[in-house]
1. Could you work out how much longer the chain between Ser202 and Lys97 gets when fully extended? Use 0.36 nm per residue separation minus the Cα distance between them, nm to one decimal.
2. May I ask you to order 129-136, 158-165 by the average number of other C-beta atoms within 10 Å around their residues, highest value first?
3. Multiply the residue gap between Lys195 and Asp65 by 0.36 nm, knock off their C-alpha separation, and tell me the result in nm, one decimal place.
4. Which distance in nm do the two modelled labels at Asn48 and Lys170 give, with both placed 7 Å along the Cα-to-Cβ direction?
5. From the backbone phi of segment 44-61, what are the Karplus-calculated ³J(HN,Hα) couplings (6.51 cos²θ - 1.76 cosθ + 1.60, θ = phi - 60°) in whole Hz, Gly and Pro given as x?
6. Can you tell me the FRET efficiency between Arg156 and Asn240 if r is taken as the Cβ-Cβ distance and R0 is 25 Å, rounded to the nearest 0.05?
7. Return, for the Cα atoms of segment 1-83, the radius of gyration and Dmax in Å, separated by a comma.
8. Using the Kirkwood formula over every pair of different C-alpha atoms, what hydrodynamic radius in Å results for segment 1-157?
Amino acid sequence: MIITITNNKGGVGKTTTARELLYGLSAAGYKTLGIDLDPQCNLSMLVNADFNNKTLKEVISHEIDSSAAIQQTEGFYFLASNKDLENILATLPSSEKNHFLSDIVESVKDRFDYIIIDTPPALHELTLGAYRCSDYLIIPANAELLSQQGLHNLHREIKAIQKYENQNLKIMGILINRVKNGNFPKLMLQSFSDKAAELFDSTIFESLIRDSIAVQESQFMKKGISEYKKGNSDKQNITNDFEDFIKEVINYESK
């Protein structure tokens, strides 16, 4: 199963969602590959990837094949990004540019149960390349007005890919992130969820990811949220949130 994590707005928890899926799916016994398509390389840094000539840049420029670039990290496999990724992509002919990631994924997908792709917070060729080769999209979003407005642009791009290039692409769901504990207005949350689900003709994940300092702590330590399971109640809450979300992903096709 190939899943892309996407939203054209930054700060909505895309990279954190991708990272927790990688840790959680591998912990559940699934052979999992992560692909970082963001030239900012945030996910690559968070999983301690090796940037020494073993990145997507070298694969796209045909210096090495995809198998040579796949690294093994703590429990899962990984294809690292590169800050020059977008520049390298721009040098490709149009026919190759459109399918650069499809070719890479096609060459390795039989080796993995899940491939999780993290994308940049922008709708350009890197992101569209992920849409072209994915089975499902997961859309992390914050329940706020600016996030809601950005979803309309995202919706147009996804519909175009579904119509013209990948008819099998489906939206697995929208993941509501950074929900404030206790005082978050339930009516606002429900309103946002209803409008987002209607826009994408999709569902909202039942799991809501609460706001927690444990996210920043785990990023600093370069470990998954699950490492904090024995911590205080705040850490326990967000650990439970992500565990519930990962179970929803695993059980999705059995619905």
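All of the numbers you see were taken from the coordinates with simple rules; none came from a lab. If you're wondering where the values come from, they're calculated on a predicted model, not measured in any experiment. Don't worry about glycine lacking a Cβ; one is built from the backbone with ideal geometry, like all the others, and counts go over all protein chains shown.
1. Roughly 34.9 nm would be gained on extension.
2. Order by mean packing, descending: 129-136, 158-165.
3. Residue separation times 0.36 nm, minus the Cα-Cα distance, leaves 42.5 nm.
4. 3.7 nm
5. Going residue by residue, I get 4, 5, 5, 9, 6, 5, 8, 9, 7, 6, 9, 10, 4, 4, 5, 6, 5, 7 Hz, with x marking Gly and Pro.
6. Taking R0 as 25 Å, the efficiency between Arg156 and Asn240 is 0.10.
7. Looking at segment 1-83, its Cα Rg and Dmax stand at 12.5, 34 Å.
8. 15.6 Å
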